[in-house]
Amino acid sequence: MTFTRIAGTGGYLPEKVMTNDDLAKIMDTTDEWIRERTGIKRRHVAADAETSSDMGLAAARNAMEMAGTDIADIDLIIVATTTPDKVFPSTACIIQRRLDIHNCPAFDVQAACAGFVYALDTADRYIRTGGAQTALVIGTETFSRIINWQDRTTAVLFGDGAGAVVLEAADKPGLISTHIHADGKYEELLQVPQGISSGYDVVRKERAYIQMNGNAVFRKAVATLSSMARETLSANNVDKHDIDWLVPHQANLRIIAAAAKKLDLSMDKVIVTVDEHANTSSASIPLAFDVAVRDGRIQRGDLLLFEAFGAGFTWGSVLLRY
Ligand code: UT7
């Protein structure tokens with residue numbers, strides 16, 4: 001049988017950092033409010049000309065370097081992004097070109113903050129069924145471009161960045177199981193209400209920005225993360241105490257803490273980057289994962305649980321042996 005293993009991880013964060021105090025200079029907010037309600041201290045913001053493909057490319061190169069992957073071996077590229085460079089071609093095709101890779105399938109997955117878990121699920125199915133041997137899976141976002149900097153209820157929450165993994169076919173897992181879900185009935189609770197087919201309207205520009213019912217999203221995120229953990233553990237007959245590290249989507253420290261509590265995990269077994277990165281949507285899990293691999297907390301052989309929740313709503317989890 002063929003399984004999927006993670007051969008390398010990579011991350012990229014834009015150089016520019018905005019602290020909570022920087023935001024307090026341009027909107028009615030405070031460092032204290034943002035820290036208390038979200039755990040966020042600062043976020044990285046892309047330079048004017050910096051795009052999702054620029055960041056995704058840098059993260060991919062880091063992951064390939066760690067894995068020792070030859071460009072010629074990559075036979076699948078999947079990019080999770082909600083903020084593509086262009087309407088088309090896909091950001092995956094743009095990154096493929098910039099890596100000078102030709103002919104392999106390359107496509108984007110759009111599942112908002114659960115995008116990376118969706119992309120891992122997809123790549124895992126390709127590898128396990130022989131459709132690919134070595135895949136690049138990237139989460140990359142320039143959320144600063146869809147933030148309304150006049151709206152304090154959303155502007156303080158997001159940041160830019162990219163994370164990536166190289167996946168390889170292996171004779172043992174690796175990825176143990178993936179579980180993805182969606183329920184579109186929650187469309188209006190978290191959205192950018194304007195798109196191409198509904199008529200991009202530069203005059204009503206506020207419709208090109210994130211709108212969120214924060215309270216409702218918060219409650220649903222907490223409930224869903226705990227049901228997701230139950231689903232994944234019971235599908236694999238794994239006890240919650242066997243989990244070495246929880247690598248959750250980084251939206252809010254209070255949501256992460258609630259998820260950890262349900263798993264009976266102390267916070268020192270949870271990878272937290274929301275304080276430094278804010279919510280980077282589909283980049284948040286691979287970025288957090290990369291940080292903890294590189295600082296030596298996550299070791300080969302550790303049992304990891306990834307959990308994500310985002311607009312749609314979409315949600316999903318991955319249980320894996322690193
Ligand atoms: O990644 C995908 C999903 N996204 C999420 O998971 C985010 C989920 N939601 C949340 O994280 C939280 O709901 C927020 C952090 C967005 C908000 O926290 P909250 O504890 O739910 O606050 P709230 O929305 O109930 O607002 C409390 C007060 C309000 O004032 P009033 O009406 O009580 O007078 C807000 O106007 O805080 C006010 N407020 C702010 N004050 C200072 C909202 N944003 C800010 C701000 N600075 N940035």
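Details
- For the chain, a Gaussian network of Cα nodes joined below 10 Å ranks Ser227, Ser197, Ser52 by mean-square fluctuation, and the top entry is Ser197.
- Point-to-point label distance, Arg98-Arg294, nm (Cα→Cβ direction, 7 Å offset): 1.7 nm
- Whether region 1-63 is rounded, prolate or oblate, judged on the alpha carbon gyration tensor where a/c under 1.5 counts as rounded: oblate
- Region 198-322: C-alpha gyration tensor shape, a/c 1.5 cut-off, then a/b vs b/c: prolate
- Ordering Ile196, Ala259, Pro84 by the projection of their Cα atoms onto the charge dipole of the chain, which places +1 on the Cβ of Lys and Arg and -1 on the Cβ of Asp and Glu, puts Ala259 at the extreme positive end.
- Shape category assigned to the chain from the gyration tensor of Cα positions, a/c cut at 1.5: oblate
- For peptides 94-100, 110-116, sequence by mean Cβ density within 10 Å, most packed first: 110-116, 94-100
- Protection-proxy order for peptides 67-73, 78-84, each taking the mean of Cβ atoms within 10 Å per residue, highest first: 78-84, 67-73
- If you take all other residues with their beta carbon under 10 Å from the beta carbon of Gly312, and give Lys and Arg +1 and Asp and Glu -1, the sum is -1.
- 21 Å tail of the calculated P(r), region 3-172, as % of Cα pairs: 48 percent
- GNM flexibility winner over the chain from Trp245, Trp149, Trp33 (Cα, springs under 10 Å): Trp33
- Ordering 15-27, 251-263 by mean Cβ neighbour count within 10 Å, with the highest value first, yields 251-263, 15-27.
- Candidate membrane-span-like segments in the chain, meaning DSSP H helices with Cα atoms spread over at least 27 Å of their own axis and a Kyte-Doolittle mean of -0.5 or above, are 214-235, with no membrane implied.
- Cross-link pairs exceeding 31 Å between alpha carbons, from the set Lys41/Lys261; Lys16/Lys185; Lys172/Lys240: Lys16/Lys185.
Here, each number is a calculation from the coordinates, and none is a lab measurement. None of these values were measured; they are calculated from a predicted model. Cβ coordinates were reconstructed from backbone atoms using ideal geometry, including for glycine residues, and neighbour counts include every protein chain displayed.
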